[in-house]
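A.B. asks: Take this structure first; my questions come after.
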Amino acid sequence: MKKLIIIISTLFLINVVTGCEAVTGEYKEGTYFGYSYDSEYDAYATAVIYVDSIGSIKSVFIDTTYINKEKSSTTVSTKRVEGNDYKMKAYNQAAAGEWYEQVEKIEKYVVENQGLDVKLNSEGKTDAISGATINISPIKEAVDNAIKQAK
């Protein structure tokens, strides 16, 4: 009986040790920053990506810095800071949501898919991310620039 218990225990330990390989991502641990100039809106899209110790993208923060000409010719702001005051839905009834709401969906997509490998149409939009109807060309470039650093 003792031999049977020893054999079963040994097989169990061998399975535990060899059967549980750590899954690792393809990126280097750290925090990475990327940006892109959006000439259409005279703005800068920025992306900050955090990669954990096993090489997986764990969080993404996307924003766009621009001059808020409604306030003054020198007032610099970000679309995320403006929040609902950015008024994307007021200016574009077809928008899936306010700018920050759409960007949150893009951030979630990047984490879930470990990147932003999507096809864009001629308007810089994609059907790959439900709820994101904005032009994501500059955002994609900013995310891609951050990811390049993490590789």
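The values are calculated or read from the model by the stated rules, or taken from the named source; none is laboratory data. None of these values were measured; they are calculated from a predicted model. Note that each Cβ is placed from the backbone with ideal geometry, even for glycine, and that neighbours are counted across all protein chains shown. Accessible surface areas use protein heavy atoms only, side chains included; no ligands, DNA or RNA. Shrake-Rupley method; radii C 1.70, N 1.55, O 1.52, S 1.80 Å.
A.B. asks: Would you be able to tell me the number of residues in the range 135-151 that are closer than 27 Å to Asn92 by Cβ and open to solvent by less than 10 Å² (accessible area, probe 1.4 Å)?
C.D. replies: 4
A.B. asks: Something else about it: Six or more apart or on different chains, Cβ under 7 Å: which pairs go from a residue in the range 88-117 that's more than 26 Å from Ile57 (Cα to Cα) to one that's acidic (Asp, Glu)? Could you list them?
C.D. replies: Pairs found: Met88/Glu98; Lys89/Glu98.
A.B. asks: Would you be able to say whether some residue in the range 62-72 is in contact (Cβ under 8 Å) with a residue 60 or more places away in the chain and in a strand (DSSP E or B)?
C.D. replies: Yes.
A.B. asks: Tally the residues that are over 27 Å from Ala150 (Cα atoms) and part of a loop (DSSP other than H, G, I, E, B), restricting the search to the range 90-130.
C.D. replies: Total meeting the criteria: 9.
A.B. asks: Another one. Could you look through the range 72-87, keep only residues that are among the β-branched types (Val, Ile, Thr) and farther than 17 Å from Ile62 by Cα, and pick out the one that is least open to solvent (accessible area, probe 1.4 Å)?
C.D. replies: Checked the range 72-87; the qualifying residue least open to solvent (accessible area, probe 1.4 Å) is Thr75.
A.B. asks: Take Tyr66 and tell me if it is aromatic (Phe, Trp, Tyr), under 22 Å from Lys105 (Cα atoms) and at pLDDT below 90.
C.D. replies: Taking the combined requirement at face value, the residue does not satisfy it.
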